[in-house]
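Have a look at the structure below, then the notes.
Rule-based calculations on the coordinates, nothing more; no lab input. As the structure is a prediction and not an experimental result, all values here were calculated from the model. When we count neighbours, we look across all protein chains shown, and the Cβ atoms used for this are built from the backbone with ideal geometry, even at glycine.
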Amino acid sequence: MKNIVFICVMLLSFAGVASAATRGECVGQCVMCGDDPVCGTIFENCINACMRQQGPAVRVRPLKFAAIAVSNSTLRVGYSWDYDTLKEAQEMALDLCTKSAKTSDCRLAVSARNNVCIAVAISGPGVAWGGAWGENADLAHRYALAGCRKEGGTQCFIKQTVCPDG
């Protein structure tokens, strides 16, 4: 019984060790997806979430990267997750998209650290698509659909989602 009490006391004494992350620390954990207002909002939401969660000190997953690429002509996608570098994730997504679409017109739609969800929304081949990321799948979907509509899509739907839990 003494051992159990001792372990509980030790755990409680370490529970408050982490201090809140600063904005500067969190900026390094968030990726800006573009220069439009939607991406600005996503970026700020990421920073705020990081600061609320006491920043990178509480992250339990190793830092990895994910990406989704889209073919402009066929709207086929390729996606990757759990890559050690952003470049590796992007290259794999582009390669898988090219193989799936059997064309060379694939472009990166979205890429991010895999502590967020990423999504692509499309609206018919050659019409429009939008890629975005968010703190969860619902936000990633909302932002991707908004991006698709901004590009002229009228019947946008989610084509692909990648989240940290697979």
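Just want the answer: with Cβ charges of +1 for Lys and Arg and -1 for Asp and Glu, which residue in Tyr83, Ala128, Gln160 is farthest toward the dipole's positive end in the stretch 61-166?
Ala128
Please order Ser123, Ser104, Ser111 by the number of other Cβ within 10 Å, starting at the fewest.
Ordered from fewest to most neighbouring Cβ atoms within 10 Å, Ser123, Ser104, Ser111 come out as Ser104, Ser123, Ser111.
Starting from the Cα of Lys159, draw a straight line to each of the lysines and keep only those under 26 Å, dropping any in the same chain fewer than 8 residues away.
Lys64, Lys87, Lys99, Lys102, Lys150
Based on the Cβ-Cβ distance of Phe157 and Ser104, what FRET efficiency does E = 1/(1 + (r/R0)^6) give at R0 = 22 Å, to the nearest 0.05?
E(calc), rounded to 0.05, equals 0.30.
What is the fewest-to-most order of Trp81, Trp133 by other Cβ atoms lying within 10 Å of their Cβ?
Ascending number of Cβ neighbours within 10 Å: Trp81, Trp133.
Report, please, the projected area of the stretch 63-162 averaged over directions, based on the convex hull of its C-alpha atoms, in nm².
Its Cα hull, projected and averaged over all orientations, spans 5.2 nm².
In what order do Arg107, Arg149 fall by count of nearby beta-carbon atoms within 10 Å, going from fewest to most?
By the 10 Å Cβ count, ascending, the order reads Arg107, Arg149.
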